[in-house]
Structure formats: structure tokens, C-alpha cells
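Structure first, commentary second.
The values are calculated or read from the model by the stated rules, or taken from the named source; none is laboratory data. These numbers come from a predicted model, not from an experiment. So basically every Cβ, Gly included, is an ideal-geometry build from the backbone, and we count neighbours across all protein chains shown.
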Amino acid sequence: MERKQAGTLDMTEGSPARVLLLFAVPVILSNLFQQLYNLVDSLIVGNYLGPNALAAVGSAGTITAVVIQLASGLSLGASVVISQYFGAGKREKIRVCMTTICLFSAAAGAAVTLLTQVFAEDILRLVLTPEEVMADSIAYLTVYFWGSVVIFLYNALNAVYIAVGDSRTPLYFLILAFFLNVAGDLFFIVNCSMGVRGGALASTLSQAVCTVLSWMVLEWRMRKADMAHAERLFDRAEFWKMMKIALPAALQQSVVSVGNVCVQAVTNSFGAVVMAGCTAANKAISLVSLIPINWGSALANYTGQNVGAKKPDRIRAGVRVSVWVTGLLTAFLVLFLELMPEQIVGWFVEEDGGAAVVAVGAEYLRATGPFLIIFAVYMVVKDVFKGTGDMKWYVGMTLSSLGIRVAFTFLFAPILGVPALWWGVCAGWIISAVPTLLHYTSGKWYDVHESNEQCERR
């Protein structure tokens, strides 16, 4: 795929602010619609099926997040490697990387489907899911995971688009899939009275449409660029090069999700009201977090292309722009969390009997809101390490944040009660931000790439 081909974006030239904006905005919007998948499920489930059903989706959601993060982590290796090939002008390497990661992703997705169908109830019991929501949690989980192959393949295909600078095409697919998901939720939950199974089925079918369209367009572009065939469908050398980055990332993201499952277990121990309140608050926080998380993802690919082009000063300029943009935008959104938390949480619960749920969720939002600005800077800077392949620090900082959160929650829940759930989140962000910024200012993150290149030449 040529660097000047329509649909791609060469981020090694031009104003860093301009190219990052052109690339990052579609990435943010794409992931907004991805988040809205789950958000719509929660809104419809909470309003039509009640707090217990919402709590069930929240409990099952911690398990689905493990798989989604695993798929995302596996595709990360492809994204970093392909972006570096693209920046270096090594066009012939892109096709073989694509077929290799897609074959592996399909196999991984099939394995996950089998495991989750057999062990769904056992997994939910491990996270202390209350009996009153167990049946709905199992129902949601088993239906959702029939689409595991789709989840893994979509992430792999999306990694290819993003690596070559095309952040718009995935956005178009997700917009369509989002509206299909809304229609599916209303049809299966409201009209067909399928309960939480309907929400899971709507999400799975929407993702399937998104994946099929993504594959068709990418294949068409490959053929136009005279890349219809790869020398090998599965290249071991490229596979292990991608896995060198992907496996630590997948492990990290899976461990993070497992850590979230542990925190969910503590949350579940406080009962369905706290579960529903925290689920609603986390949905709102996830929307605010979209900007730093996805701008950081864009910066990682920007970094990857400029690493391939050997332009470290351009990377630093991109980081400065990114910190200012994400910090200011996050601060603006935090104002809404602080000024109207009850109204925001109230979107997710029924008018009758939801006061206790709203109170828990509102306190969660008020406590974490100001610390989201620290989180924004931390996420953006940390993703630079990902773009250079400095996975030791990228994984290390992510796991340190998780470890602090889990330890704080378990240690202080008996003392502080429910507030330990959100103060643990804040502690993880604050403590991990300091070494992340220090490592970036040292400049050692770029030395990792130089060292890897020397090893490959030898």
C-alpha cells in the first residue's frame, strides 16, 4: 500500500499538530461509537429491564473486557510493526503482516468461544456475582462470546488501517454498526422480550457486520495497490516480530482486565445497588477517557511512523501538542462530571427505585473527576513507549497503575467501605504518572528502537 495512496496518512511530514488532529479525531470518534455499543446496551437494559439486569451486564462486562483487551493487545503488535514499515517505505511487508495476524486472530477467537461457553458460570462465580443477577450474567456472557472470532478479527483489521494512517474508514464502519446495534437492542430487548440476551445478540451481530465490511474494503485496497497476494499467508518471522510487541501488550491488557475483575469482585460484595451505581459511573468515565486513550493510540502510530523515518524530534513535538490538547479537553469534560453527576448517572437507571444507585454513582464521579486530568497526561505520554516498541516501560507502568488500584481497594475496602472503590482508581493514576513522565524526559524510550534495529541487522 503506497504511502500517498488515498485513505492513508503519512505522518512523517507536515505540521505535527495538523496530522495528529486529522488522524486522532476519527480515532476518537470511532472509539466513541465503540463505547456507545456498551453504553446503549446499559441505557436500554437499565431503563427497560431494571437495576438487577444492569448489574448483571456490569458484572459480565468485566469478563468481556478481558477478551476485548486480549484481542486489542494481540493486534497492537501488528499496528506497531506495520506503522514502522509504512514510515520506512517498506510496502511489501504490509500484506504478509496482515494475513499473518488475521489467521492468528481467528484461531484465538475460536479458542475463546469454546472456553467461555464451557466455563461462563464458573468465571462469574469467581468474581462473586450475586445469585440474584447470576442467571442474567450467564445469559449475556454466553451469547456475547459467540462473536469472539469477530472481535479478534475486527481488532486485527483495524490495526492495519490505523497503522497506515487511515483512521476514517474504521469510523464509517462503526457508525453503521452503532445504528445497527441500537436497532438490534430495541428489536430484541423491547419487541422480542429477549432480556439481556437481546442486548448481547445485538452487539454481536453489529460487530459482525463491521468486520465483514472492514475485510472487504481492505482487500479491495490491497488489490488496487498490487498487493492481492502475499508470498506466504502466514510468515513465522513477521509473526514473532509482531508477537514480541503483541504478547507483552496482550498479557498486560489481560492482566489489567483480570485486575478489574478482582475489583469487580469487591464491588459485587457490596450488593446490586453499588454494582449498578459503579457500572453507571464507569460508563460516564469511559466516555471522558475516550479523548486521552484514543489520542494516545493515535500518538503511538504517529510515533511508529516517525520512528521508521528516524525523526525523534518530530515525535517530541507531537507529544507536546498531545499533552496540551488532551489535558484541556479532559478538563472541560470533567466540569460536567463535577457539576451534574446525579443527572449523568440518572441516565442509566429507572426513575422509580433508582435513588440509591444514583447516590453511589454520583459520589464516584465527584471523587474521580479532577484526577482524570492526571490520567489524560499519563495515558498520552505512556503510549509513546508503545510506538517505539519500548514495551518494558509501557507494560510496567500500566501494571503498576493496576497493582496500586487492586491493592488499595482490597486493603481499604474493610476500612473505608464503598469509597475505597474510587479512591483506589485515583491512587493508581497518580502514583504511576510520576515514573512515566520521568522516563519520557530521559529520552531512553527512543534508544530501545535503535537497539532493536541493530539486533535485527546482526
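Residues that are under 19 Å from L36 (Cβ atoms) and at pLDDT below 85 within region 329-366 comprise Q343, I344, V345, G346, W347, F348, V349, listed in sequence order. When the test is whether a residue is at pLDDT 75 or above, surrounded by fewer than 18 Cβ atoms within 10 Å (Cβ to Cβ) and out of contact with any strand residue (DSSP E or B) (no Cβ under 8 Å at 6 or more places or on another chain), V196 does not pass it. For residues in region 15-34 being within 17 Å of F179 (Cα to Cα) and aliphatic (A, V, I, L, M), which is nearest to the chain's Cα centre (by Cα)? Only one residue tops the list, namely L32. Scanning region 105-151 for residues that are closer than 22 Å to L76 by Cβ, touching a helix residue (DSSP H, G or I) at 6+ places or on another chain (Cβ under 6 Å) and without any contact (Cβ under 8 Å) to a residue 40 or more places away in the chain gives A110, T113. Considering every residue within region 100-108, establish whether at least one is assigned to a helix (DSSP H, G or I), out of contact with any strand residue (DSSP E or B) (no Cβ under 7 Å at 6 or more places or on another chain) and among the β-branched types (V, I, T). Within region 100-108, one or more residues are assigned to a helix (DSSP H, G or I), out of contact with any strand residue (DSSP E or B) (no Cβ under 7 Å at 6 or more places or on another chain) and among the β-branched types (V, I, T).
Residues in region 399-412 include at least one that is farther than 30 Å from S75 by Cα and of a type outside the set (F, W, Y). Here L54 meets the list (1) aliphatic (A, V, I, L, M); (2) buried (at least 24 other Cβ atoms within 10 Å of the Cβ); (3) modelled with pLDDT of 80 or more; (4) under 30 Å from L128 (Cα atoms) almost entirely, failing just condition (3). As for region 85-93, it holds no residue that is aliphatic (A, V, I, L, M) and at pLDDT 75 or above.
Looking for something touching a helix residue (DSSP H, G or I) at 6+ places or on another chain (Cβ under 7 Å), surrounded by fewer than 24 Cβ atoms within 10 Å (Cβ to Cβ) and either in a helix (DSSP H, G or I) or at pLDDT 80 or above (or both) - is there at least one such residue anywhere in region 73-83? Within region 73-83, none of the residues are touching a helix residue (DSSP H, G or I) at 6+ places or on another chain (Cβ under 7 Å), surrounded by fewer than 24 Cβ atoms within 10 Å (Cβ to Cβ) and either in a helix (DSSP H, G or I) or at pLDDT 80 or above (or both). Within region 301-326, the set of residues being assigned to a helix (DSSP H, G or I), surrounded by fewer than 24 Cβ atoms within 10 Å (Cβ to Cβ) and modelled with pLDDT under 85 comprises G308, P312. Listed by first and then second residue, the pairs with beta-carbon distance under 9 Å, at least 6 apart or on different chains, first residue in region 228-242 and assigned to a helix (DSSP H, G or I), second loosely packed, with under 11 Cβ neighbours inside 10 Å and at pLDDT below 80, are K241/E456. Filtering region 428-454 to residues that are of a type in the set (A, V, I, L, M) and modelled with pLDDT under 85 leaves only V448.
Per-residue answers, yes or no, for (1) farther than 26 Å from V57 by Cα; (2) crowded, with 17+ Cβ neighbours inside 10 Å:
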| residue | (1), (2) |
| --- | --- |
| L328 | yes, no |
| E363 | no, yes |
| R366 | no, no |
| P370 | yes, no |
| R405 | no, yes |
| F408 | no, yes |
| V418 | no, yes |
| G428 | no, yes |
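Going residue by residue through region 133-140, is there one that turns out to be surrounded by 23 or more Cβ atoms within 10 Å (Cβ to Cβ) and modelled with pLDDT under 80? Yes: one or more hits.
Within region 388-395, the presence of a residue that is closer than 24 Å to V255 by Cβ and at pLDDT 85 or above is excluded.
Taken across region 338-353, residues that are crowded, with 21+ Cβ neighbours inside 10 Å, at negative phi and touching a Pro at 6+ places or on another chain (Cβ under 8 Å) do occur, with at least one present. Scanning region 169-181 for residues that are buried (at least 18 other Cβ atoms within 10 Å of the Cβ) and out of contact with any Phe, Trp or Tyr (no Cβ under 8 Å at 6 or more places or on another chain) yields F173, L180. Within region 181-202, residues that are in contact (Cβ under 8 Å) with a residue 24 or more places away in the chain and over 18 Å from G147 (Cα atoms) reach partners that are in a helix (DSSP H, G or I) and among the aromatic types (F, W, Y) with beta carbons closer than 7 Å, at six or more positions or on different chains, in the pairs I189/Y48; V190/Y48. Is it the case that G165 is crowded, with 21+ Cβ neighbours inside 10 Å, among the small types (G, A, S) and not in a helix (DSSP H, G or I)? Here the answer is yes, as G165 does meet what is asked.
Taking the criterion of being at pLDDT 75 or above, surrounded by 15 or more Cβ atoms within 10 Å (Cβ to Cβ) and more than 12 Å from M98 (Cα to Cα), the residues of region 219-251 that qualify are R221, K241, M243, K244, I245, A246, L247, P248.
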